[in-house]
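J.: Mind looking over this structure? Questions follow.
The values are calculated or read from the model by the stated rules, or taken from the named source; none is laboratory data. All figures in this text were calculated on a predicted structure; none of them were measured in a lab. Every residue, glycine among them, receives a Cβ derived from its backbone with ideal geometry; neighbour counts consider all protein chains shown.
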Amino acid sequence: MAPAGATGRLSRAAAREIGRLLTPTGRTEVRYGGGPPGRRQLGPVEVAVVEPLIVEVSADVAADSGVLRHPARLTRARPDLGIEDLPDPATGH
C-alpha cells in the first residue's frame, strides 16, 4: 500500500472518529513536499506511521503520476475491513 493523495480538512467529529481508530506503529518517516492543501510545504516533514486503516472516500479521478490532483473527501471509516479484503489493483479480484 502507498499513499495516493490527501484528504481535505476533516471535521472535528471525523478527526476524533479516525483518531480513535488509528494504531501507531512507533515508527516515523520523513516525507517531502507534503502539507495541507493550499499550504504546501517544500521541506521535509516527519510523520508518524500508523497501521493501515481502510476508509471510503469521494474523489475526483484526476491524477498525476498515480497521485490524486485534488484532495479526497472522507466518506466513512471501514474498520471491519482489512487489506486482504480489498481487490488487487492489478487484477481487480
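J.: Take residue 53 and tell me if it is in a loop (DSSP other than H, G, I, E, B) and within 20 Å of residue 26 (Cα to Cα).
T.: Taking the combined requirement at face value, the residue satisfies it.
J.: Here's another thing I want to ask about it. All but one of (1) surrounded by 10 or more Cβ atoms within 10 Å (Cβ to Cβ); (2) at pLDDT 90 or above hold for residue 59; which doesn't?
T.: Condition (2) is where residue 59 drops out.
J.: I'd like to know if region 31-42 contains one or more residues that are of a type in the set (A, V, I, L, M, F, W, C) and modelled with pLDDT of 80 or more.
T.: no
J.: Report, ordered by the first and then the second residue, all pairs with beta carbons closer than 9 Å, sequence separation of six or more or different chains, a first member in region 23-34 that is farther than 10 Å from residue 50 by Cβ, and a second member that is among the small types (Gly, Ala, Ser) and at pLDDT below 80.
T.: 32/43; 33/43; 34/6
J.: Residues that are modelled with pLDDT of 90 or more, small (Gly, Ala, Ser) and surrounded by 11 or more Cβ atoms within 10 Å (Cβ to Cβ): does region 10-17 have at least one?
T.: Yes, there is a match, as at least one residue in region 10-17 is modelled with pLDDT of 90 or more, small (Gly, Ala, Ser) and surrounded by 11 or more Cβ atoms within 10 Å (Cβ to Cβ).
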